[in-house]
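Below is one structure, written out as structure tokens; the observations come after it.
The values are calculated or read from the model by the stated rules, or taken from the named source; none is laboratory data. This structure is a prediction, so every number in the text was calculated from the model and none was measured. Cβ atoms come from the backbone with ideal geometry, glycine included; neighbour counts cover every protein chain shown.
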Amino acid sequence: MLRDKLHVDDKDVTLLSAVMRDPDISQQVLADQLKLSQPSINVRLHKLKDKGILARVAGIDAKRSGLALARVDFTCTDAEQLLSIFQHCSFFVNGFVMSGTRNVCVFLIGEDLRKVEHIVNRYLRANPRVHHVELSVVVNTAKEFVCAIDLKREHSEPCADPESCKDCTVLRELQSQRAPRFLEEQEDDEQDEKEDDVQHQ
């Protein structure tokens, strides 16, 4: 059973259920419901948080916000490095290393699908170490899907333009530490194309 795996007792289960129903419930109300003292409730809550059993995430609810949410599954030979790049992207929600053929799954969110598709095309489909890229649009969610994205970072970075990922200083800073060769080659190709266009004008 889950409760055995998590090493929680009946009072912990009741406490978790109450907090999940009402995240803003006070410790005193919890104490009255469980017939415990408020300090005892406080200790239990801290233990549950320390063990990762009780967690809160502040963010945007994709279900009600109207933003475009997509799941991208793909095969990658260096999943950890690729996920480390995406962690610094304003539109990255979460990523998972999976079993099976497609060993990576990421969730991306944007104001529209055009932005999401550009990110996928530039950082996944253009990567020779990435294969079998499949993008699926999330049409609806059964529950709240909270996305902890950094709107302040989007404002400070050139994220408004769908073509702006190549100018993102966050990604460039990460690339300078562990520069993926495929991005350098892609930028070189883009520069060559610009020079060719100038010469032909």
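Has segment 145-153 got at least one residue that is surrounded by 14 or more Cβ atoms within 10 Å (Cβ to Cβ), among the aromatic types (Phe, Trp, Tyr), assigned to a loop (DSSP other than H, G, I, E, B) and at pLDDT below 90?
Start the filter on segment 145-153 by keeping residues that are surrounded by 14 or more Cβ atoms within 10 Å (Cβ to Cβ), which leaves 145-147, 149-150, 153.
Narrowing further to those that are among the aromatic types (Phe, Trp, Tyr): 145.
Then drop every residue that is not assigned to a loop (DSSP other than H, G, I, E, B), which leaves 145.
Next, only the ones that are at pLDDT below 90 stay: 145.
Yes, that holds for at least one residue.
The helices (runs of 4 or more DSSP H) found entirely in segment 1-49 that carry 2 or more residues being surrounded by 14 or more Cβ atoms within 10 Å (Cβ to Cβ) are 10-21, 27-34. Filtering segment 71-126 to residues that are among the hydroxyl-bearing types (Ser, Thr, Tyr) and touching a helix residue (DSSP H, G or I) at 6+ places or on another chain (Cβ under 6 Å) leaves only Ser90.
May I ask you to list the residues in segment 60-87 that are among the hydrophobic types (A, V, I, L, M, F, W, C), assigned to a strand (DSSP E or B) and over 14 Å from Phe107 (Cα atoms)? Lay out the reasoning, then the answer.
If we filter segment 60-87 for residues that are among the hydrophobic types (A, V, I, L, M, F, W, C), which is where we start, we get 60, 62, 67-70, 72, 74, 76, 79, 82-83, 85-86.
When the remaining residues are screened for being assigned to a strand (DSSP E or B), the result is 60, 68-70, 72, 74, 76.
Scanning segment 60-87 gives a single hit, Cys76.
Just checking, which of Ser90, Ser17 is of a type in the set (S, T, N, Q) and in contact (Cβ under 8 Å) with a residue 60 or more places away in the chain? Please lay out each step first, then the result.
Details: Ser17 fails: in contact (Cβ under 8 Å) with a residue 60 or more places away in the chain.
Criteria check complete, one pass: Ser90.
Only one of the listed residues (Ser99, Ser90) is among the hydroxyl-bearing types (Ser, Thr, Tyr), touching a Cys at 6+ places or on another chain (Cβ under 7 Å) and not in a strand (DSSP E or B). That residue is Ser90. In this structure, is Val57 under 30 Å from Glu134 (Cα atoms), in a strand (DSSP E or B) and touching a strand residue (DSSP E or B) at 6+ places or on another chain (Cβ under 9 Å)? No, not satisfied. Among the conditions (1) out of contact with any Leu (no Cβ under 9 Å at 6 or more places or on another chain); (2) in a loop (DSSP other than H, G, I, E, B), the only one that Thr141 does not satisfy is (1).
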